[in-house]
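The values are calculated or read from the model by the stated rules, or taken from the named source; none is laboratory data. From a predicted model like this one, the values you see are computed outputs, not experimental measurements. Here the Cβ positions follow ideal geometry from the backbone for every residue, glycine too, while neighbour counts run over all protein chains shown. Calculation scope for accessible area: heavy atoms of the full protein, side chains included, ligands and nucleic acids excluded. Shrake-Rupley method; radii C 1.70, N 1.55, O 1.52, S 1.80 Å.
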Amino acid sequence: DCPAGTSNNHDNTNENNHDAAADCTTCNNGEYQNQAGQTSCKDCDAGTYRGTTNDNQPWDGNANGNNDGMNNVNDCTVCGAGKYSEQTGQILETTCLDCPAGSYLVDSSTITLHNQVSDCTICGEGKYNIQTGQTSDTCLNCPQGKYLEANPSGGDSLAIEHDAEADCKICSPG
């Protein structure tokens, strides 16, 4: 069987396609395989990516050979703080998108906190932020005499409702 980190997608009609280490192929960019004897590799999860190291090459036959670094889901790198990705099988860190202005994302290591834009925390009531990709709560207070509701539209709070000082409304007299 081909080891984890590789696959053999040759059909079973020709035994010569299953008798050498080189018949096993290392996983492509953006993929991993954590089980032996598989016919394909798995896409890295949304919120992660895996770059180009020994990708799509014949396996070298060594126990910790050129399949190392693609044999575990943890070989896929989580998008950094302030970033997320909703796509699977990504190969470059640049495919991780900045959280929109009006939000931030502190976490830097939990896959399930980087796989959708809603993982970005919206600035709270009375706060806004004009920067994208923020890695901490750098939301600014509305100027004195102005306010900003947590959910101005009445539904889920949207980053676009907290992305500019102009979102802050003038307080009513009294």
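Quick check on my filter: what residues within region 52-77 are at pLDDT 85 or above and open to solvent by less than 30 Å² (accessible area, probe 1.4 Å)?
Met70, Cys76
Collect the residues in region 79-92 that are open to solvent by 30 Å² or more (accessible area, probe 1.4 Å) and in a loop (DSSP other than H, G, I, E, B), keeping them in residue-number order. Steps first, answer last, please.
The initial filter retains those residues of region 79-92 that are open to solvent by 30 Å² or more (accessible area, probe 1.4 Å), namely 83, 86-88, 90-92.
The answer is Glu86, Gln87, Thr88, Gln90, Ile91, Leu92.
On the given criteria, is Glu149 part of a loop (DSSP other than H, G, I, E, B) and among the acidic types (Asp, Glu)?
Numbers: part of a loop (DSSP other than H, G, I, E, B): yes; among the acidic types (Asp, Glu): yes.
Yes.
Can you tell me how many residues in region 32-51 are closer than 30 Å to Ser118 by Cβ and open to solvent by 40 Å² or more (accessible area, probe 1.4 Å)?
Residues in region 32-51 being closer than 30 Å to Ser118 by Cβ and open to solvent by 40 Å² or more (accessible area, probe 1.4 Å): 4 in total.
Okay, residues lined up against (1) without any contact (Cβ under 8 Å) to a residue 40 or more places away in the chain; (2) closer than 30 Å to Ala4 by Cα; (3) hydroxyl-bearing (Ser, Thr, Tyr):
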{"site": "Gly80", "(1), (2), (3)": "no, yes, no"}
{"site": "Glu86", "(1), (2), (3)": "no, yes, no"}
{"site": "Leu92", "(1), (2), (3)": "no, yes, no"}
{"site": "Lys127", "(1), (2), (3)": "yes, no, no"}
{"site": "Thr138", "(1), (2), (3)": "yes, no, yes"}
{"site": "Gln144", "(1), (2), (3)": "yes, no, no"}
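Could you go through region 93-104 and let me know if any residue there is in contact with a helix residue (DSSP H, G or I) (Cβ under 6 Å, 6 or more places away or on another chain), over 22 Å from Asp167 (Cα atoms) and surrounded by 13 or more Cβ atoms within 10 Å (Cβ to Cβ).
Scanning region 93-104, I find no residue that is in contact with a helix residue (DSSP H, G or I) (Cβ under 6 Å, 6 or more places away or on another chain), over 22 Å from Asp167 (Cα atoms) and surrounded by 13 or more Cβ atoms within 10 Å (Cβ to Cβ), so the answer is no.
When both residues are 6+ apart or on different chains and their Cβ atoms are under 9 Å apart, which pairs have a first residue that lies in region 51-73 and is in contact (Cβ under 8 Å) with a residue 40 or more places away in the chain, and a second that is surrounded by 13 or more Cβ atoms within 10 Å (Cβ to Cβ) and aromatic (Phe, Trp, Tyr)?
Note: pairs meeting the criteria are Asn66/Trp59; Asn67/Trp59; Gly69/Tyr32; Met70/Tyr32; Asn71/Tyr32; Asn72/Tyr32; Val73/Tyr32.
Can you tell me which residues in region 105-144 are outside any loop (DSSP other than H, G, I, E, B) and either open to solvent by less than 30 Å² (accessible area, probe 1.4 Å) or out of contact with any Lys or Arg (no Cβ under 8 Å at 6 or more places or on another chain) (or both)? Explain how you work it out, then say what you get.
Of region 105-144, the ones outside any loop (DSSP other than H, G, I, E, B) are 111-113, 117-119, 121-122, 127-128, 140-141.
Correct list: Ile111, Thr112, Leu113, Val117, Ser118, Asp119, Thr121, Ile122, Lys127, Tyr128.
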